[in-house]
Amino acid sequence: MAYSSHHSCNILNNRIDEMGIVAGSPNHFVEWLSSRDEEAYGDIIKTTDDLLMRADIPRSVYSEYLNDVANLFCLKGKEIGVKVEFIQDEILDIERREAFSDYALYGKNHTINADYICLCLGPQQSTTFDEFDGISHFIPSPYPDKDLAEKIPKHSSVVIAGTGPSGIDALLTLKTAGHKGKILWISRNGFHHRVQGLSCDYQLKYITFDRLNTLISNGVNLSDNIFQLVLAEIKAAENEEFDTGKLLPTVDNPLTWFTSELKKSQTARPWLNALALMDHLFQHYWDKIPPIDKIEWLSKYQQILSINRTALPQENARRLIQYLDDGTIVTGYGIDDISYLNSCNRFTISLSHSSTGENDFEQDFFVNATGIEVDIRKYQSTLLQNLLARGMIAPHPFGGINVSRESLNVIDQGGKPVDAIYVAGHSASGVYPITNSPGIVRQVNLIVKSISGK
C-alpha cells in the first residue's frame, strides 16, 4: 500500500542497495534502475555509484520495479508450463478438504482450491484510535495517500498522530498536495527519527556471532547484556566517547532537531550503519532468547534501536524543515486526551507540551499515523477472525501469527504445524521481527525451499 503513492514527496526510506527482491541479490533494484530507459527515467541518475548516493527515489518507481519483476517471473513460469492467474476478491475463509488433501479458499465471488497457501497480508492499520472508526472526519491510516488529499479540504485544520515514518508520510503528502490549513503534528512521547548520513563501510566488532553465542550459552540477563554490546558497538563505530544517554531524546523543537540532524548527515554516520548491520544477527538469535528476556528487550530497548535505526532520507529532512518553518504546523507530545465533538464535527486534543505553549486544541480532521497493528486478534480481517475462531491459526505472543521458524508454516492453537499454509511479511513478525525488504526476502526464500523440498 505504501508503494502505491504517486506523490513525489513519498520516497524510499531504506538504502536502495538493500531493496532487491530476488533472493541473494540485494542490489537487484539498483541494477534494474541502472538499466531503465533514459527517456522515461531521465531525472534519475544513471550510474550505479550515483544511484547509491541518492536518497530521493520515489516509491512509485519502486512500485514499477515490483510490477516489472513480477511480470518477468510470470513470463518465466509460462516458459516452463506454470500458469499464473490473478484473482481480485476478498478471501473470507479457508477450509481443509480432507478427502482431496487440499484446501478450499472461499471468497466473496470465487472458490479456489489449492495445495499450498501463503498468507502475505501486509501491514495492518493501527487500532490505537479505533473508537473513532466510522466518523467521516477520522482517517484511520495515511495509506493510500490519495485519500488524504481527496477527503481533507485544503483549508481545514488537521491533527496527525504519529511522528514516525507513517506520520512523516501523512504530513508531507498533505503539504505537497497544497494543504493550507493548520496542522497539529503530535506524538505520545516526543521522539523523532535521525537523518541518514553518507554511506560507509563498517565491520561489526562487538555484535558478532561469537559474542552472542557466548552470552546466550551463559543465559544471564540477556537483554541487558546484549544492549551493552550494542552500546559498545556504537562507541566503536564513532571512534570516540559517544553519549549513549542521548539515543532516545525527547524533542521539544522538531525544526531545530531536523536542522541539526541534516547538518550531521552531510558526512558518514558509522554508528547508524552499525545499527543497520545488526538486523540479520538479531533475526538469527531471536528464537534463542528466552521469552522473559524478549519481553524485557521489547519494553526497554526495542524503541531505542528502532528510532535510531530507521533514519530518514536527507530529502525528507529538508522538506520537513521547509514545512515546519512556514508557520502552519504546530508540534507537540504527551497526549492527555483526544475526543470527538458531535455538535461541531471537530476533535479536541489535550497535550502536555506543544511548540506554541498551548495545551488544548480543536481540529477538523484526525489522521491516525501511529504505525501498524501487531495483535492479529485486532486485525480487521474476516479471514483471520474465522481462522482464529476455528483454532486454525494462533496469535504469537510477540505479534503476528504463530509460525514455524524453519519453514514459516502456520502453527495451530494446539501447537501443531498446519501443512501447506505459510505466512510471510509483517504477519510473521513474532518469529521474524525484521520485516524490511531484506527480511521478507529471506522469509519467502525459506517458504520456497519448504515447498520445493530443496
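The values are calculated or read from the model by the stated rules, or taken from the named source; none is laboratory data. The structure presented is a predicted model; accordingly, all values stated were derived computationally and were not measured. Methodologically, a virtual Cβ is constructed for each residue, glycine included, from the backbone with ideal geometry; neighbour enumeration extends over all protein chains shown. Areas reflect the complete protein model, heavy atoms only, side chains present, ligands, DNA and RNA absent. Shrake-Rupley method; radii C 1.70, N 1.55, O 1.52, S 1.80 Å.
Give me the pairs: first residue in region 72-90 and over 30 Å from Ser381 (Cα atoms), second residue open to solvent by 100 Å² or more (accessible area, probe 1.4 Å) and at pLDDT below 95, beta-carbon distance under 6 Å, and six or more apart or on different chains, which are they?
none
For region 340-347, state whether one or more residues are at pLDDT 95 or above and either more than 19 Å from Phe129 (Cα to Cα) or open to solvent by less than 20 Å² (accessible area, probe 1.4 Å) (or both).
Looking for residues that are at pLDDT 95 or above and either more than 19 Å from Phe129 (Cα to Cα) or open to solvent by less than 20 Å² (accessible area, probe 1.4 Å) (or both), one finds at least one in region 340-347, hence yes.
Let me confirm something: among Glu31, Glu85, which residue is open to solvent by 70 Å² or more (accessible area, probe 1.4 Å) and modelled with pLDDT of 90 or more?
That would be Glu85, the only listed residue that is open to solvent by 70 Å² or more (accessible area, probe 1.4 Å) and modelled with pLDDT of 90 or more.
Residue-wise test of (1) part of a helix (DSSP H, G or I); (2) in contact (Cβ under 8 Å) with a residue 24 or more places away in the chain; (3) closer than 27 Å to Glu296 by Cα.
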{"residue": "Tyr143", "(1), (2), (3)": "no, yes, no"}
{"residue": "Lys154", "(1), (2), (3)": "no, yes, no"}
{"residue": "Leu172", "(1), (2), (3)": "yes, yes, no"}
{"residue": "Gly178", "(1), (2), (3)": "no, yes, no"}
{"residue": "Gly190", "(1), (2), (3)": "no, yes, yes"}
{"residue": "Tyr202", "(1), (2), (3)": "no, yes, no"}
{"residue": "Lys205", "(1), (2), (3)": "no, yes, yes"}
{"residue": "Thr214", "(1), (2), (3)": "yes, no, yes"}
{"residue": "Ile234", "(1), (2), (3)": "yes, yes, yes"}
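Which of the residues spanning region 165-178 are open to solvent by 10 Å² or more (accessible area, probe 1.4 Å) and either under 22 Å from Asn359 (Cα atoms) or of a type outside the set (Gly, Ala, Ser) (or both)?
Pro165, Lys175, Thr176
Can Thr370 be described as open to solvent by less than 40 Å² (accessible area, probe 1.4 Å), in contact with a strand residue (DSSP E or B) (Cβ under 7 Å, 6 or more places away or on another chain), touching a residue at least 12 places away in the same chain (Cβ under 8 Å) and assigned to a strand (DSSP E or B)?
no
Taking the conditions exactly as written (open to solvent by less than 60 Å² (accessible area, probe 1.4 Å), at pLDDT below 95, within 20 Å of Ser381 (Cβ to Cβ) and acidic (Asp, Glu)), does Asp147 satisfy them or not?
Taking the combined requirement at face value, the residue satisfies it.
Say we look at region 319-336 and pick out the residues that are out of contact with any Lys or Arg (no Cβ under 9 Å at 6 or more places or on another chain) and more than 12 Å from Leu255 (Cβ to Cβ); which of these is least open to solvent (accessible area, probe 1.4 Å)?
Gly332
Of the conditions (1) outside any helix (DSSP H, G or I); (2) open to solvent by less than 20 Å² (accessible area, probe 1.4 Å), Ser427 clears all except one; give me its number.
(1)
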